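Encoded as structure tokens, the structure appears first; notes follow it.
The values are calculated or read from the model by the stated rules, or taken from the named source; none is laboratory data. Computed from a predicted model, the values in this text were never measured in an experiment. Neighbour counts run over all protein chains shown; Cβ positions are idealised from the backbone, glycine included.
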Amino acid sequence: MVEDTQPESGYVVWSKRLVMTIAVAMSLFHLYVGFFGPPNAFTLRSTHLGFALVLAFLSMPGVLRRRPNGPGPLDWLFAGAALAATAYPIVMSHYFNTRMAYVGPVSVTDMAFAVLMMAVVLEGTRRMIGLILPVTALIFLAYQVFFTQVDLVRLLEYQYMTTDAIFGIPTQVSATYVVLFVLFGALCERMGVGKLFMDFALALTGHTAGGPAKVAVVSSGIFGSISGSAVANVMTTGTFTIPLMKKIGYKPSFAGAVEAVASTGGQIMPPIMGASAFVMAEFLGVSYLTVAGFAILPALLYYFAVFMAVHLEARRQGMVGIPKADLPRLGEVLRERGHLFGPIVVIVGALLWGYSAPFAALCGILSVPPLALLRKTTRHEVTWAKLIDALASGAINAVIVAMACASAGIVIGVIAQTGLGLTFTGVVRALAQDSLILALLLTMVAGIVLGMGMPTTPAYIVQVALLVPALVKLGVPVESAHLFALYFAILSAITPPVAIAVYAACGIARGSIVETSVTAVKLALTGYIIPFMFVFGPSLLLIGDWTTILLTAITAFSGVALLAVGLQGYLFAPLRWPPRLLFVAAAIALIEPGLATDAVGVGLALTALLLDRATRRALPVAEGGTAGGS
């Protein structure tokens, strides 16, 4: 405790300034690339990983734990090794770009730098993310070395000297898309856009029943769409919404669950979503705007389900909203800060005009300071200190994604070089016995398990290599298969036992982790069903004719509303078990695409309404709820 009160040494201050300088330089480099276009693949990706690795070793020093006294000798050694390993492809760019893979000789120097690169990538990933992803990569490498006929020299060549492994698609996406959007989020946060989102949500829903919980849903959905991180979203909006929810009477576990579930959905909410959406666009060979189009209806369904659950729980408990006198007025919020919605409009507009996602992100970044300067109410937010802080924090936040993508690239390299993907696809098909439902359930479990141990992006990438081909072979549209895998990698953030977004929310709410996790799964139950919906009904991804899409959307939203009614046990009053079960059955029927199932769903819903009305007339509900209460 004494050390915490002592002033930092000159070395610590100097090392922190160096880290900030490197981080700002990384951001400026990527802004330059966003404006003038990328150099050749090896130069761009090596430079990106060089910045990321050095920041990983200097900003998170210590082999076993973070040192309070700055980087040690070993940290500097790792940073130097990272610089050497990433500089070699740049210095030898002509050699790397003109040699023929699998034909040209591989020198001892090439192999030494390849080993060095793999070592620093795995150690950098361990520092930034934890052990699971690097251990996974090592297991795949061990499989290739000991259980396949692939020559070790060719393994090193493939991993380091081609653009199919460490320097593959994941790293390319991190270097061109992700870093700019992360930087955009950091700049928005520093320029007061986060406050706009919060005040906007408060003015819109704060006065209604359970207002603060609805504020959490709305604000987390808006902010999450630009942050792309469930945990970051919880820590940003949750520090405000969770205490508000507790203040009006929500249990800590419910307050934490609402924030965790709402924050997790940000990764699937256009216009920006999370890093995985950009990776998906590359894998599918379509524009990012097309991927956002696929995601929009499922994302709206997800948030509608959470919003309905929150509303019904508030009504069931007799909660009221925040007095209007204590809330910001919507008109005033829009007058004073509404112009800060401009950067998001700029990004969407650039995408609609056909510009690339990196250029759209660059336009959004460049629009933030001028728009904040437009009005006196936000002009004070624009300072050189905040701009530099945004550049630095944006780069450091992007390091996590860069490390995850590089390590995932090692796994992808092993899968591609050994043909493991085809073998695994065959195993999944054999286990599923050509049953699509069983294959989907296996993919769901795999996605959740992978997502528990690693960030969403690498978890999704591994599924693309191992599981998505099996789903496609069983007849699932490729777009649905990719989005199915992504959804469950995202939902792992709220799925026990490793529910990282729930842990973050519990840290603020001070609630039981077990109770919060169970409540989160209950609130997000529709999220677990939605992927099956768009597998069997691709029109939910805006694929097909508009009549079918419109009908699918209407029945899906109706089904989601009925599911919330059944799960929460409340409609106009607390529900008993028979109507609740009928509402759930009606929801499932409506969620399943098809006119016959829709007719069954409507019939079950009407039966549930009549049964509820009859039972309430015959036997009044006891005060305080029923056995059907949740």
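Where residues in the range 278-297 are in a helix (DSSP H, G or I) and free of Cβ contacts under 8 Å to residues at least 60 places away in the same chain, which of them is farthest from the chain's Cα centre (by Cα)? Going through the qualifying residues, I end up with Thr290. Arg375 is checked against (1) within 29 Å of the chain's Cα centre (by Cα); (2) free of Cβ contacts under 8 Å to residues at least 40 places away in the same chain and fails just one. What number does that condition carry? Arg375 satisfies all of (1) within 29 Å of the chain's Cα centre (by Cα); (2) free of Cβ contacts under 8 Å to residues at least 40 places away in the same chain except (1).
Yes/no per residue for (1) surrounded by fewer than 21 Cβ atoms within 10 Å (Cβ to Cβ); (2) under 30 Å from Met454 (Cβ atoms); (3) not assigned by TED's automatic domain parsing to the domain that holds Ala257:
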position: Tyr302; (1), (2), (3): no, yes, no
position: Leu312; (1), (2), (3): no, no, no
position: Gly318; (1), (2), (3): yes, no, no
position: Glu336; (1), (2), (3): yes, no, no
position: Pro343; (1), (2), (3): no, no, no
position: Ile347; (1), (2), (3): no, yes, no
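When the criteria are applied in full, Gly507 meets the requirement of being assigned to a helix (DSSP H, G or I) and modelled with pLDDT under 85. Among residues of the range 446-472 that are more than 18 Å from Ser174 (Cα to Cα), none has a Cβ under 7 angstrom from a residue that is part of a loop (DSSP other than H, G, I, E, B) and of a type in the set (Gly, Ala, Ser) at a sequence gap of 6+ or on a separate chain.
Every listed requirement among (1) closer than 13 Å to Ala605 by Cα; (2) surrounded by 20 or more Cβ atoms within 10 Å (Cβ to Cβ) is met by Val535 save one, (1). Within the range 514-525, residues that are over 11 Å from Val258 (Cβ atoms) have Cβ atoms under 6 Å from residues that are buried (at least 24 other Cβ atoms within 10 Å of the Cβ) and at pLDDT below 90 in these pairs: Ser517/Ala499; Ser517/Val502, counting only partners at least 6 apart in sequence or on another chain.
Among the residues of the range 425-432, some residue qualifies, meaning at least one is hydrophobic (A, V, I, L, M, F, W, C), surrounded by 20 or more Cβ atoms within 10 Å (Cβ to Cβ) and on the phi < 0 side of the Ramachandran plot.
When the range 128-183 is filtered for residues that are under 25 Å from Tyr95 (Cβ atoms) and under 20 Å from the mean Cα position of the chain (by Cα), the ones remaining, listed by number, are Ile169, Pro170, Thr171, Gln172, Ser174, Ala175, Thr176. Counting only helices (runs of 4 or more DSSP H) that sit wholly inside the range 157-245, those with at least 1 residues that are of a type outside the set (Val, Ile, Thr) and free of Cβ contacts under 8 Å to residues at least 60 places away in the same chain are 193-205, 211-227. Of all the residues in the range 262-287, those that are modelled with pLDDT of 85 or more and surrounded by fewer than 24 Cβ atoms within 10 Å (Cβ to Cβ) number 8.
Scanning the range 147-162 for residues that are within 23 Å of Met454 (Cβ to Cβ) and surrounded by fewer than 18 Cβ atoms within 10 Å (Cβ to Cβ) returns a single hit, Phe147.
For every residue, the table says whether it meets (1) under 30 Å from Phe572 (Cα atoms); (2) of a type outside the set (Phe, Trp, Tyr); (3) in contact (Cβ under 8 Å) with a residue 12 or more places away in the chain; (4) assigned to a helix (DSSP H, G or I).
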residue	(1), (2), (3), (4)
Ala299	yes, yes, yes, yes
Ala305	yes, yes, yes, yes
Gly331	no, yes, no, yes
Arg337	no, yes, yes, yes
Tyr355	no, no, no, no
Cys363	no, yes, yes, yes
